[in-house]
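Scroll down for the structure; my scribbles are underneath it.
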Amino acid sequence: MQKQTLAELIRDLEQEMLRLGYTEGSMKFYRRRWQMLLQFANEQGESCYSEQLGVAFVEKHFQIFEKDFHRTLAQAETQELRIIRMIGEFQLHHTVLRRYYKHKEILTDSYFITINERFKQYCVRKSYSSVTTDHYVKQAARFMDYLVSQKVTDCKGIHLGLIYDYLKTWAGYTYKTVEQVICALRSFFRFLLETEVVQTDFAAKMPMVQARKQTRIPSVWTADELKKLIAAIDRGNPKGKRDYAIILLACRLGMRCTDIKHLQMSNLHWEAKKLTFIQSKTRQPLSLPLTPEIGWAVIDYLKYGRPKVDSPFLFVRHMVPFGPFSEDDHLNQLIKRYMELAHLPTLKKRRGMHSLRHTMASRLLEQDTPLSTISDILGHVDPDSTAVYLKVDIEKLRACPLRLDEVAAHE
């Protein structure tokens, strides 16, 4: 197949951007840059686009040099690089690789919108959590938007090569991100097969990510770091009272961020000193002790910190409009703020709400708590999920080394 000329490539890219809803103001900017690039290519005697051509273009016109690509660039510089990167990505994948969409809804084609609505109902019937359902539906929409960019008009046009080409657009993202995309697509393809939209079991043919989840050692706080983090919270103001209770629930009880956000007054059983709720991830009930430390923190927040807002949720945002946290809010910004106040290095390790859950499990392991007990506290359906915390207890791992002569005896 003959390679597209730069002019043809830009023409097709322009049509795709118009389909995606780019504003006229944005299109005017891109068109000016494209004209500059076409003129530059003509001066260089080039008719087709290449990475070298794009780099030479930004170096000449904007003094952005290749050696500077990996440093933190100004917004204007980033925008100029976006011009050539978009052309290169479109040449390679024939789609615009965007993770933030210009319009609110990803899909605009009525057929694919209907398919996605049916898929959402399927996820609900499967009793997936709201977070999982939203993630699956969004990833399915992104895949179907890719189909439209490839001139595929319905799901019967899906084939394995097309799926693999789509997965290539995620090259360079972390293992965890790619794993989540593939997991969502597997569910989507199962839905298509079960509802007879397609006749091929694409879910069974999906590639496996060449990495293992268990190879990652969870991020764990030291006792001193955790003490400094909690001490940095100003419990004299309403927001501090809320954040203090939230962080205690995460680091003392190991609760997931989503479950903390979904807590309601009805989940608090004061007389029994219990906290009971249905886990958002597993849909299984869990009962945890309402310790005095946590109980008094919650009471302090309810009496002197929580805004007077009519919401069933225990914790709400402290900015207008008052209301529950969004499903996409993982509260990582909350942790980062107190790390900065406590003068803890924010770049040392990835530290979010989930790391506090890891820390609680690791402390229990250090106290010789059986894994089965830790599994019950964490609400793991599969006890094997708890085994990842063994990796953080280096002292226990050192206590059970294998002797080489013992290994040889079993060969």
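When you go through S287, S280 one by one, which is the residue that is farther than 24 Å from G323 by Cα and of a type outside the set (A, V, I, L, M, F, W, C)?
From the options S287, S280, the qualifying one is S287.
Among all residue pairs at least 6 apart or on different chains, which show Cβ distances below 8 Å where the first residue, located in the stretch 273-292, is under 16 Å from L248 (Cα atoms) and the second is at pLDDT 90 or above and of a type in the set (F, W, Y)?
L290/W270
Y128 is checked against (1) within 22 Å of Q15 (Cβ to Cβ); (2) outside any helix (DSSP H, G or I) and fails just one. What number does that condition carry?
(1)
Tally the residues that are closer than 16 Å to D259 by Cβ and either of a type in the set (F, W, Y) or crowded, with 16+ Cβ neighbours inside 10 Å (or both), restricting the search to the stretch 305-315.
Matching residues across the stretch 305-315 total 3.
So if I check each of E46, E51, E59, E16, which one is in contact (Cβ under 8 Å) with a residue 24 or more places away in the chain, acidic (D, E), within 21 Å of A76 (Cα to Cα) and surrounded by 13 or more Cβ atoms within 10 Å (Cβ to Cβ)?
Exactly one residue qualifies, and that residue is E51.
Could you list all residues from the stretch 320-336 that are outside any loop (DSSP other than H, G, I, E, B) and either of a type in the set (D, E, K, R) or without any contact (Cβ under 8 Å) to a residue 60 or more places away in the chain (or both)?
Taking the stretch 320-336 and keeping what is outside any loop (DSSP other than H, G, I, E, B), we get 332-336.
Answer for the stretch 320-336, where residues must be outside any loop (DSSP other than H, G, I, E, B) and either of a type in the set (D, E, K, R) or without any contact (Cβ under 8 Å) to a residue 60 or more places away in the chain (or both): N332, Q333, K336.
The values are calculated or read from the model by the stated rules, or taken from the named source; none is laboratory data. Everything numeric here is computed off the predicted structure, so don't read it as measured data. Here the Cβ is made from the backbone with ideal geometry for all residues, glycine too, and neighbour counts use every protein chain on show.
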